[in-house]
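Here, each number is a calculation from the coordinates, and none is a lab measurement. Worth saying up front: this structure is predicted, and the values here are computed from it rather than measured.
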Amino acid sequence: MTRTIQDQDLLLWEAYATAGNFGYPDQSKIVFHCLSNPARRARILERAGDKSDVEQELVRLSEPELMGLFDRTEELS
């Protein structure tokens, strides 16, 4: 499950859940990947629960709530 949002700079971001795969640590996260500028580093936010819990959270969140989470993200190092 992915969601797409647009930030205040008019960049499109794809949000999806991950946990432990593809080089990410075991802690569940929401990953925001920039679709408008793929060269930008992904942004992440740790979440409680496993990957399926985070996927369900992505489905339930309203767009303003998802933007609120995006505002709390950190750039992937």
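Tabulated data for the structure shown
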read-out	value
For S28, distant residues with modelled amide H under 5 Å away	R47
Rounded to whole Hz, the Karplus (6.51, -1.76, 1.60) HN-Hα couplings of segment 32-38, x for glycine and proline	10, 10, 7, 7, 6, 9, x
In order through segment 39-44: 3J(HN,Hα) via Karplus (6.51 cos²θ - 1.76 cosθ + 1.60), integer Hz, x for Gly, Pro	6, 5, 5, 5, 10, 9
Under 5 Å, built H, 5+ apart or other chain: amide partners of D50	none
